[in-house]
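Engineer: Got a structure for you, written out below as structure tokens; questions coming shortly.
The values are calculated or read from the model by the stated rules, or taken from the named source; none is laboratory data. Nothing here was measured: the structure is a model prediction, and the numbers come from that model. Glycine gets a Cβ as well: all are built from the backbone with ideal geometry, and neighbour counts include every protein chain shown. Please note that ligands, DNA and RNA were not included when accessible areas were found on the heavy atoms of the full protein model with its side chains. Shrake-Rupley method; radii C 1.70, N 1.55, O 1.52, S 1.80 Å.
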Amino acid sequence: MITFDKETGIFHLKNDRYSYVLQIAKGKYLLHRYWGKPLRAFRDSRPLQALDRAFSPQPEAERGERTFSLDVLPQEYPAAGHVDYRIPAYSVRLSDGTTSTELRYATHRIEKGKPRLLGLPSALAEETEAETLVIRLEDTAGVLAAELSYSVFADSAILARSVRLENTGKEPLDLTGAASFALDFPEQDYDHVALFGGHASERNVERMPVTHGVYSVESRRGASSHQASPFFALARKTADERQGEVFGFSLVWSGEFAFRTEAEQFGTLRLVGGINPEGFRWHLAPGETFQTPEALLAYSSEGFDGMSQAFHTVVRHHILRGSWRDRGRPILVNNWEATYFDFDAEKLDHLAECAKNLGIELMVLDDGWFGKRNDDNSSLGDWVCNESKLAGGLKAVAESAHRRGLKFGLWFEPEMVSTESDLYRAHPDWALRSPHYPMTFGRNQLVLDLSRREVCDYIVESVSKVLTESGVDYVKWDFNRHLTDAFSAALPPERQGEVKTRFYYGLYDVLERLTSRHPEVLFESCSGGGGRFDLGILHYMPQTWTSDDTDAIERLKIQTGTSMVFPPITMGAHVSVVPNHQVGRVTPMQTRAFCAMMGCYGYELDITRFTEEEQAEVRAHIALYKRLRKTMQLGTFHRLVSPFEGSGNETAWEFVSADGREVVLLYFKTLATPKTELRRFFPVGLAADAEYEVAEYYPAKGLSHDGAGNKGTSLKGCAFYGDELMQSGIEPEKIDTDFAAYLWVLRRK
Ligand code: GLA
């Protein structure tokens, strides 16, 4: 997969999806030469042009050669402010205050497999699954070295990149920027695509043309955030869902990040991605190293679908781990929107009984079970059951679930502390804050200083104790505010710029310890919904609560946007009450159910209040989901119609089972339209010459009637060849009601 030609200095990284080519020029400069469809060989059909460009300087080593400038050449890991004015990949401040460095090629090695990144989450691979190239660059003044790591996977269109920087000098230095990767594209006529959002409206797909200047998609919130997802793509102007080149990037990192592009004077485009350099400063004593997070680079010549397939494959096989990686996830009921803080043991027992009768598999007790917490103003940090609220303690609640054959789940928010808590009274210095100013609050709580080992130990021990003593099978791990004044009472002044990064080293260590101590527990991450939906977190917790917005129509967009990077098995999605608590919308139960079935399915409403008719409908949905779960969670997912395109009035999704024998199609039409305009959609990924029978079909229902008024045939029982389904398409029956949802199950004969 990786070859090196000594004579030309060319590294060719290749699998059956892409080629990625680097070159050592003049024995020392590491240049980027090609990334795209796989090539037989790279023989340089497009040699780099040597032009004397005014105001583009030469390093002294090339002084006589005015046509050679690093300000013009495509680079792999460019330095700041020396001989290249474009955005840098890294920057340093040496102990004498100067900031120039010169990294040049020193050595390289090619290894089977993929080494783990120390203390950080990363894609994992066996020896046969990947190959890794490590290129070592050394500074000409001997103060710095960088090891650039490139891993090619055998099974996906992904290249993993990361960098380890080392202080090789005799004096300390400060890193003021250390990206995971940089890339120079030879032209600028791309669109950039990012996932913009906010709390309860995460990951909206936004596509805009690249324009001159610097553009940044970033988080400065101490978390990957609702506002921007750690994902970025560059797409050819003509690329769409099914065809055209798309270059996608995602970080295995949960903290602040930045993807910055610069469309510059000579028509090229630089992209740099990694930890956000703003506010970052890492002190490196002589001999110390800094490891950047990993970036996953996806190449697709098959549009956005191809890019998402690459990400989904790498997430499913190399990011997710543990006993739940390939297991269908349990159908849950969460009491949050049903009771908020107002529950007791009796109510929960009744909830467990109803859950059992409906076919639900896991009962989750959300916020409010610990300390003295009856609203969101107190007790975070005191992970001890409030027995005055829950007679018999958590053990009794767990038993009431277990007795009925249900699993039991529990909510925690371990990275936080309330000032009204025993933990804060004992350790006020464990919260992040400025020593000079009044504290800043979010949801009336403070963030714990996870850069401190004793804080991490406290979290591991207090959470672990509850899990062991109460028999918890599932954890919802929440994080409900962002970092401000991220300073540590335990670090010296020169290390305060490290706190927001060290916070995540601490969190990853906590999660590593907890998940290995409790390997059977299913962890679901949450941050006010999907505020920390990233590949770093998924390495420890294989699913994430996608959004606090549970309205089905809103979720069509949120889940479609999320699927750009993350496969459905990572997305928590629940049926909630109508009128919906976030937007007040009233949608049919079937629409809420079909939308939630796209992810890890559950209910988040008072199931004890269902009428008999509702109970029957819910039982049928649960039974249907149990039949289809394997296909929907462990199969291949495709977006067929995106709510971010066209009128935005329609959405269609497809799931194909791993063996290709079962296909589930979901179609949603948000608002009814007056004309008899009927729109077909086209399944993909079927075998053209195989016959598929329409085994099950669920037409849309109105709010007040059962769909009997639907015209047209249901096609149920009919069989079609794959080519007809893919080329002639499927046309949903027209129905005069808003918020319509349809589901088809096709079985290959
Ligand atoms: C966050 C979560 C919710 C719920 C509450 C509890 O907002 O996203 O699902 O758990 O916290 O306080």
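Engineer: Does residue 29 qualify as being within 20 Å of residue 187 (Cα to Cα), out of contact with any Gly (no Cβ under 6 Å at 6 or more places or on another chain), of a type in the set (Ser, Thr, Tyr) and assigned by TED's automatic domain parsing to the domain that holds residue 159?
Structural biologist: Taking the combined requirement at face value, the residue does not satisfy it.
Engineer: Now for a different question. Considering every residue within the range 374-383, establish whether at least one is charged (D, E, K, R), open to solvent by 10 Å² or more (accessible area, probe 1.4 Å) and more than 16 Å from the ligand (Cβ to nearest atom).
Structural biologist: Within the range 374-383, none of the residues are charged (D, E, K, R), open to solvent by 10 Å² or more (accessible area, probe 1.4 Å) and more than 16 Å from the ligand (Cβ to nearest atom).
Engineer: Scanning the range 384-413 for residues that are touching a strand residue (DSSP E or B) at 6+ places or on another chain (Cβ under 7 Å) and in a loop (DSSP other than H, G, I, E, B), which turns out farthest from the ligand (Cβ to nearest atom)?
Structural biologist: Looking at the filtered set, the residue picked out is 406.
Engineer: If you don't mind, there's one more thing I want to ask. Against the definition (within 16 Å of the ligand (Cβ to nearest atom) and within 25 Å of residue 400 (Cα to Cα)), how does residue 472 come out, yes or no?
Structural biologist: Criteria met by residue 472.
Engineer: Any residue at all in the range 158-170 that is without any contact (Cβ under 8 Å) to a residue 40 or more places away in the chain, open to solvent by less than 10 Å² (accessible area, probe 1.4 Å) and in a strand (DSSP E or B)?
Structural biologist: No: zero hits.
Engineer: Is it true that residue 455 is within 16 Å of residue 221 (Cβ to Cβ), assigned by TED's automatic domain parsing to the domain that holds residue 381 and more than 22 Å from the chain's Cα centre (by Cα)?
Structural biologist: Spelling it out, it is not the case that residue 455 is within 16 Å of residue 221 (Cβ to Cβ), assigned by TED's automatic domain parsing to the domain that holds residue 381 and more than 22 Å from the chain's Cα centre (by Cα).
Engineer: Tell me which of these residue 416 doesn't satisfy, since it passes every other one: (1) within 16 Å of the ligand (Cβ to nearest atom); (2) open to solvent by 20 Å² or more (accessible area, probe 1.4 Å); (3) of a type outside the set (Ser, Thr, Tyr).
Structural biologist: Only one criterion is unmet by residue 416, namely (2).
Engineer: Right, another one. Looking at (1) open to solvent by less than 30 Å² (accessible area, probe 1.4 Å); (2) outside the structural domain of residue 166 (by TED's automatic domain parsing); (3) of a type outside the set (A, V, I, L, M), which is the only condition residue 77 fails?
Structural biologist: Failed condition: (2).
Engineer: Quick one: residue 544 ticks every box in (1) within 12 Å of the ligand (Cβ to nearest atom); (2) polar (S, T, N, Q); (3) over 25 Å from residue 368 (Cβ atoms) bar one, so which box is it?
Structural biologist: Every listed condition holds for residue 544 apart from (3).
Engineer: Turning to a different aspect of this structure: Only one of 460, 466 is in contact with a Lys or Arg (Cβ under 7 Å, 6 or more places away or on another chain), closer than 29 Å to residue 348 by Cβ, away from the ligand (no atom under 16 Å from the Cβ) and not in a loop (DSSP other than H, G, I, E, B). Can you tell me which?
Structural biologist: Going through 460, 466 in turn, the sole match is 460.
Engineer: Kindly list, by first and then second residue, each pair from a residue in the range 467-494 that is under 12 Å from residue 434 (Cα atoms) to a residue that is modelled with pLDDT under 95 and away from the ligand (no atom under 16 Å from the Cβ), limited to pairs with Cβ atoms under 9 Å and residues at least 6 apart or on different chains.
Structural biologist: Final answer for the pair search is 486/279.
Engineer: Do we find that residue 425 is free of Cβ contacts under 8 Å to residues at least 40 places away in the same chain, over 16 Å from residue 478 (Cβ atoms) and either open to solvent by 70 Å² or more (accessible area, probe 1.4 Å) or away from the ligand (no atom under 16 Å from the Cβ) (or both) in this structure?
Structural biologist: yes
Engineer: Still on this model: Quick one: is residue 243 over 30 Å from residue 545 (Cα atoms), open to solvent by 50 Å² or more (accessible area, probe 1.4 Å) and touching a residue at least 60 places away in the same chain (Cβ under 8 Å)?
Structural biologist: yes
Engineer: Can you spot a residue in the range 512-524 that is within 14 Å of the ligand (Cβ to nearest atom) and out of contact with any Ser or Thr (no Cβ under 7 Å at 6 or more places or on another chain)?
Structural biologist: No, there is no match, as no residue in the range 512-524 is within 14 Å of the ligand (Cβ to nearest atom) and out of contact with any Ser or Thr (no Cβ under 7 Å at 6 or more places or on another chain).
Engineer: Quick one: which residue in 399, 461 is over 18 Å from residue 504 (Cβ atoms), surrounded by fewer than 19 Cβ atoms within 10 Å (Cβ to Cβ) and touching a residue at least 60 places away in the same chain (Cβ under 8 Å)?
Structural biologist: 399
Engineer: If a residue has to be modelled with pLDDT of 95 or more and either open to solvent by 30 Å² or more (accessible area, probe 1.4 Å) or among the hydroxyl-bearing types (Ser, Thr, Tyr) (or both) to count, how many in the range 268-282 make the cut?
Structural biologist: Result for the range 268-282: 4.
Engineer: From the set of residues in the range 475-488 that are part of a loop (DSSP other than H, G, I, E, B) and touching a helix residue (DSSP H, G or I) at 6+ places or on another chain (Cβ under 8 Å), which is nearest to the ligand (Cβ to nearest atom)?
Structural biologist: Step by step, filter the range 475-488, then rank; the result is 483.
Engineer: Let me ask you something else. Please tell me if residue 561 is more than 16 Å from the ligand (Cβ to nearest atom), open to solvent by less than 10 Å² (accessible area, probe 1.4 Å), of a type in the set (Gly, Ala, Ser) and within 16 Å of the chain's Cα centre (by Cα).
Structural biologist: Yes; evaluated as a whole, the condition is true for this residue.
Engineer: Considering only residues that are surrounded by fewer than 10 Cβ atoms within 10 Å (Cβ to Cβ), of a type outside the set (Phe, Trp, Tyr) and in a loop (DSSP other than H, G, I, E, B), which ones fall in the range 50-62?
Structural biologist: Matches in the range 50-62: 54 only.
Engineer: Let me ask you something else. Consider residue 665 carefully, then state whether it is out of contact with any helix residue (DSSP H, G or I) (no Cβ under 7 Å at 6 or more places or on another chain), part of a strand (DSSP E or B) and within 15 Å of residue 563 (Cα to Cα).
Structural biologist: No.
Engineer: For the subset of the range 254-267 comprising residues that are assigned to a loop (DSSP other than H, G, I, E, B) and either open to solvent by 10 Å² or more (accessible area, probe 1.4 Å) or basic (Lys, Arg) (or both), which member is nearest to residue 499 (Cα to Cα)?
Structural biologist: In this case the residue turns out to be 256.
Engineer: While we're looking at this one, here's another question. Of all residues in the range 489-501, count the ones that are part of a helix (DSSP H, G or I) and either surrounded by 21 or more Cβ atoms within 10 Å (Cβ to Cβ) or hydrophobic (A, V, I, L, M, F, W, C) (or both).
Structural biologist: Number of matching residues: 4.
Engineer: Mind telling me which of the residues 287, 306, 279 ends up being of a type in the set (Gly, Ala, Ser) and either within 25 Å of residue 14 (Cβ to Cβ) or assigned to a helix (DSSP H, G or I) (or both)?
Structural biologist: Only one candidate qualifies: 306.
Engineer: Here's something else I'd like to know. Taking into account only those residues within the range 196-226 that are hydrophobic (A, V, I, L, M, F, W, C) and without any contact (Cβ under 8 Å) to a residue 40 or more places away in the chain, which is most open to solvent (accessible area, probe 1.4 Å)?
Structural biologist: Ranking the candidates gives 196 first.
Engineer: Any residue in the range 289-311 that is open to solvent by less than 40 Å² (accessible area, probe 1.4 Å), at pLDDT 95 or above and within 16 Å of the ligand (Cβ to nearest atom)?
Structural biologist: no
Engineer: I've got another one for you. Does residue 651 count as crowded, with 22+ Cβ neighbours inside 10 Å, modelled with pLDDT of 95 or more and of a type in the set (Ser, Thr, Tyr)?
Structural biologist: Against the criterion (crowded, with 22+ Cβ neighbours inside 10 Å, modelled with pLDDT of 95 or more and of a type in the set (Ser, Thr, Tyr)), residue 651 qualifies.
Engineer: Does the range 318-367 hold any residues that are closer than 25 Å to residue 542 by Cα, charged (D, E, K, R) and within 16 Å of the ligand (Cβ to nearest atom), and which are they?
Structural biologist: Answer for the range 318-367, where residues must be closer than 25 Å to residue 542 by Cα, charged (D, E, K, R) and within 16 Å of the ligand (Cβ to nearest atom): 337, 366, 367.
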